[in-house]
Amino acid sequence: MNLLTVEHIAKSYGELVLFSDLSFGINKGQKIALVAKNGSGKTSILNIMSGRDTADSGKVNHRKGIHVSFLAQEPNLDLNLSIEETIFASDNHILQALAKYEEALAHPEQQEAYQKAFETMDSLDAWDFETQYKQILFKLKLEDLSAKVGSLSGGQKKRLALANALINKPDLLILDEPTNHLDLEMIEWLENYFTKEQMTLFMVTHDRYFLERVCNEIIELDQGQLHTYKGNYSYYLDKKEARMEREAVELHKSQILFKKELNWMRRQPKARTTKSKSRIDDFHTIKERASQRRQEHVVQLEIQMERLGSKVLELHKVSKAYPGKQILDKFDYNFLKGERIGIIGKNGTGKSTFLNVITGLESPDSGKVVVGDTIKFGYYTQKGIPIKEGQKVIEVIREFGDFIPLKKGKQISAQQLLERFLFDRKKQYDFVEKLSGGERKRLFLCTVLIQNPNFLILDEPTNDLDIVTLNVLENFLLDFPGCLLVVSHDRYFMDKIVDHLFVFKGDGRIADFPGNYSDYRAYGDSLLQEQRVAKDNKKERGTSKSHWKKDSQGTKLSYLEQKEYKQLEKEIQKLEVKKEEVQNKFANASLSGEEIDLLSLELKRILDMLDSKTERWFELAAIQESN
């Protein structure tokens with residue numbers, strides 16, 4: 001069943017054409033991801049689909065009566081409402097019934113209103129819904145329902161908007177970077193939620209594990225053309241590579257044909273027959289096809305790293321706390337040359353504060369941070385590049401100089417450097433505030449790297465970066481010879497570049513784990529499995545039939561127990577016969593629904609009796625065998 005159709009939409013800003021003539025559809029049950037480079041107009045497409053923006057041409061058709069929810073990168077929430085009021089402000093009829101029921105409970109003297117609210121809850125089967133929505137809020141760490149939206153952080157607002165969208169259970173959920181501002185535990189919960197729920201999704205995300213595990217279709221916007229892949233991220237990568245190879249072969253054939261036709265055209269055929277005119281028309285089509293070039297510019301990262309001395313960075317019994325929250329508690333660590341450490345932990349456990357203490361932006365309450373004489377930090381923060389009104393892209397780089405030193409004594413102009421970071425000459429004179437989120441992050445990354453750091457600290461570097469840039473950044477970091485400290489919720493990124501982890505567990509507790517994120521998850525899963533087995537074994541020791549014999553040594557069956565033991569054998573045999581008789585009755589195709597229900601109840605009663613008597617028989621048998 002088709003829910004939404006996009007027909008021939010186009011969008012431009014002045015001379016900048018984002019996209020034109022795009023068409024696609026979304027059917028019920030699909031989980032689609034839109035993939036494209038930064039600045040291609042992904043967010044604009046989502047805004048047009050959700051009705052927040054209009055296309056210059058084309059249209060979006062919604063199936064009549066469907067409910068669409070949109071999670072924007074910057075959600076628009078009423079700052080004066082509380083978390084709970086925001087949830088209840090929805091037009092969801094079950095939530096409205098819940099709100100009226102809560103109001104009726106607060107005024108027990110209004111019996112008629114209470115009765116009406118109670119009956120509405122019953123008719124909508126809404127009793128479990130309250131538990132469900134509170135569970136979603138709990139998973140997204142929004143437990144204080146009375147907290148005002150205006151007092152929430154940017155990440156909390158994004159999570160509240162996500163919770164609101166999930167709770168409303170729309171027919172179609174449109175998501176713009178849903179994993180931003182979520183910690184790893186939340187992302188994995190959201191993955192499982194989307195996998196289990198029969199929801200229709202259309203999303204933009206650069207989280208490659210999320211793409212792999214949630215999406216069943218990927219649409220790529222590449223050089224103005226849409227390409228559809230009916231599978232997950234691995235399937236997309238495989239099929240895209242095959243498409244690129246196929247396009248290269250077709251381009252080569254077109255170029256050979258173009259040369260042949262060009263020779264024919266140069267001979268200037270005099271006889272303008274219908275056939276030759278047709279061939280001339282075809283020539284122009286062939287020329288256009290043969291002159292196509294893929295704009296495969298790739299970010300080029302190159303720096304002249306400062307030399308690392310013998311002393312890198314030492315933390316001696318460092319403590320840091322805020323009122324009611326311990327971040328670091330006498331933390332000791334000695335960083336070595338070439339260390340590549342990832343930092344993970346729930347939101348609010350102090351990961352960013354830890355980075356600020358290391359770089360001197362915040363002072364520890366006690367202890368000492370000793371930085372080596374040769375250390376030059378490159379700190380990529382979540383806040384990103386500070387935007388100055390009226391500042392152009394080229395001016396940001398020129399603050400560091402007109403020429404930037406590179407390896408082996410080379411240097412590069414500010415313009416050339418920006419071109420390496422995919423800002424063409426025209427884009428370099430755009431205002432910074434007009435850049436997309438991903439373009440701003442790319443520019444910020446450029447400003448960090450051109451300062452030639454030898455100790456890179458990256459706080460959520462993958463947010464808003466497109467997949468192409470992420471791959472280049474990963475390859476650069478793999479070759480980076482200095483120290484690396486990175487906070488990221490991108491599990492694919494972490495798995496690729498870090499050697500071990502600092503796991504922030506809250507209350508100042510930090511564990512040093514020797515491995516990447518997948519290793520840590522596998523270790524955690526094995527611990528949980530061991531705990532379950534130990535728990536089951538403990539339970540078995542109390543009730544297991546194999547222990548009856550041991551526990552009953554030195555005892556013997558009494559006269560009444562011997563009689564019971566023999567009687568149980570007969571009763572178990574009779575129950576087995578009855579069970580088979582009832583099971584055979586289910587084979588009758590003419591049974592009514594009521595008769596099936598009665599038979600099911602009868603079978604359950606027999607099975608319960610059989611289990612009870614069998615268990616007692618084993619207990620008595622163990623005592624009998626021990627004597």
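Some notes on this structure:
- Residue list for region 120-149, restricted to those being assigned to a helix (DSSP H, G or I) and either modelled with pLDDT of 85 or more or polar (S, T, N, Q) (or both): 120, 123, 131, 132, 135, 136, 137, 138, 139, 149
- So residue 3, is it touching a residue at least 40 places away in the same chain (Cβ under 8 Å), aliphatic (A, V, I, L, M), touching a His at 6+ places or on another chain (Cβ under 8 Å) and farther than 18 Å from residue 175 by Cα: no
- Selection over region 104-119 of residues that are farther than 21 Å from residue 93 by Cα and either in a helix (DSSP H, G or I) or under 39 Å from the mean Cα position of the chain (by Cα) (or both) gives a count of 1.
Yes or no, residue by residue, for (1) surrounded by fewer than 21 Cβ atoms within 10 Å (Cβ to Cβ); (2) modelled with pLDDT under 95; (3) of a type in the set (Gly, Ala, Ser):
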site	(1), (2), (3)
12	yes, yes, yes
17	yes, yes, no
42	no, yes, no
47	yes, yes, no
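- Test: residue in region 208-217 that is in contact with a Ser or Thr (Cβ under 8 Å, 6 or more places away or on another chain), touching a residue at least 24 places away in the same chain (Cβ under 8 Å) and not in a helix (DSSP H, G or I): yes
- Checking each residue in region 436-461 for being open to solvent by 10 Å² or more (accessible area, probe 1.4 Å), within 27 Å of residue 500 (Cβ to Cβ) and under 21 Å from the mean Cα position of the chain (by Cα) picks out 441, 460.
- Selected residue [open to solvent by 80 Å² or more (accessible area, probe 1.4 Å) and at negative phi] from 389, 339: 389
- In summary, residue 403 fulfils each of the numbered conditions (1) touching a strand residue (DSSP E or B) at 6+ places or on another chain (Cβ under 6 Å); (2) of a type in the set (Phe, Trp, Tyr); (3) closer than 11 Å to residue 447 by Cβ with the single exception of condition (3).
- Filtered residue count, region 51-68, keeping only those that are small (Gly, Ala, Ser) and in contact with an Asp or Glu (Cβ under 9 Å, 6 or more places away or on another chain): 3
- Residues (within 29 Å of the chain's Cα centre (by Cα) and open to solvent by less than 60 Å² (accessible area, probe 1.4 Å)) located in region 365-382: 378, 379, 380, 381
- Only listed residue being within 30 Å of residue 428 (Cα to Cα) and open to solvent by 40 Å² or more (accessible area, probe 1.4 Å), chosen from 395, 362: 395
- Qualifying residue in region 100-119 (condition: open to solvent by less than 20 Å² (accessible area, probe 1.4 Å) and out of contact with any helix residue (DSSP H, G or I) (no Cβ under 6 Å at 6 or more places or on another chain)): no
- Meets criteria (free of Cβ contacts under 8 Å to residues at least 12 places away in the same chain and of a type in the set (Ser, Thr, Tyr)) for residue 54: yes
- Among (1) closer than 28 Å to residue 203 by Cβ; (2) of a type outside the set (Lys, Arg); (3) without any contact (Cβ under 8 Å) to a residue 60 or more places away in the chain - the single one residue 66 does not satisfy: (3)
- Being under 21 Å from residue 463 (Cα atoms), open to solvent by 50 Å² or more (accessible area, probe 1.4 Å), at pLDDT below 90 and out of contact with any Pro (no Cβ under 7 Å at 6 or more places or on another chain) is a property that residue 197 lacks.
- Residues being under 25 Å from residue 334 (Cβ atoms) and in contact (Cβ under 8 Å) with a residue 12 or more places away in the chain - total across region 462-499: 15
- Selection status of residue 169, over 15 Å from the mean Cα position of the chain (by Cα), among the basic types (Lys, Arg) and on the phi > 0 side of the Ramachandran plot: yes
- Looking across region 19-30, the residues that are touching a residue at least 24 places away in the same chain (Cβ under 8 Å), under 18 Å from residue 171 (Cα atoms) and surrounded by fewer than 21 Cβ atoms within 10 Å (Cβ to Cβ) come down to 24, 27, 28, 29, 30.
- Flag for residue 369 being out of contact with any His (no Cβ under 9 Å at 6 or more places or on another chain), free of Cβ contacts under 8 Å to residues at least 60 places away in the same chain and outside any loop (DSSP other than H, G, I, E, B): no
- Residue 412 meets each of the listed conditions (1) part of a strand (DSSP E or B); (2) hydrophobic (A, V, I, L, M, F, W, C); (3) under 30 Å from residue 12 (Cβ atoms) apart from (3).
- Extreme residue, modelled with the highest pLDDT, among residues of region 307-336 that are closer than 29 Å to residue 470 by Cα and open to solvent by 80 Å² or more (accessible area, probe 1.4 Å): 336
- Residues in region 562-591 that are of a type in the set (Ser, Thr, Tyr) and within 22 Å of residue 620 (Cβ to Cβ): 565 only.
Listed here are the residues, each with its yes/no results for (1) without any contact (Cβ under 8 Å) to a residue 12 or more places away in the chain; (2) on the phi > 0 side of the Ramachandran plot; (3) open to solvent by less than 60 Å² (accessible area, probe 1.4 Å); (4) not hydrophobic (A, V, I, L, M, F, W, C).
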site: 405; (1), (2), (3), (4): no, no, no, yes
site: 409; (1), (2), (3), (4): yes, yes, no, yes
site: 412; (1), (2), (3), (4): yes, no, yes, no
site: 415; (1), (2), (3), (4): no, no, yes, yes
site: 427; (1), (2), (3), (4): no, no, yes, yes
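- Only residues that are open to solvent by less than 60 Å² (accessible area, probe 1.4 Å), in contact with a Leu (Cβ under 8 Å, 6 or more places away or on another chain), closer than 17 Å to residue 171 by Cα and part of a helix (DSSP H, G or I) were counted in region 49-97, giving 2.
Here is a yes/no grid of residues against (1) among the charged types (D, E, K, R); (2) modelled with pLDDT of 80 or more; (3) surrounded by fewer than 16 Cβ atoms within 10 Å (Cβ to Cβ); (4) part of a loop (DSSP other than H, G, I, E, B):
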residue	(1), (2), (3), (4)
226	no, yes, no, no
247	yes, no, yes, no
253	yes, no, yes, no
256	no, no, yes, no
277	yes, no, yes, no
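- Residue ID - nearest to residue 181 (Cα to Cα), chosen from residues in region 121-142 that are surrounded by 11 or more Cβ atoms within 10 Å (Cβ to Cβ) and among the acidic types (Asp, Glu): 130
The values are calculated or read from the model by the stated rules, or taken from the named source; none is laboratory data. In this text, all values refer to a predicted model and were calculated from it rather than measured experimentally. Note: ideal-geometry Cβ built from the backbone for every residue, glycine included; neighbour counts use all protein chains shown. Side chains are part of the model used for accessible areas, which takes the heavy atoms of the whole protein and leaves out ligands, DNA and RNA. Shrake-Rupley method; radii C 1.70, N 1.55, O 1.52, S 1.80 Å.
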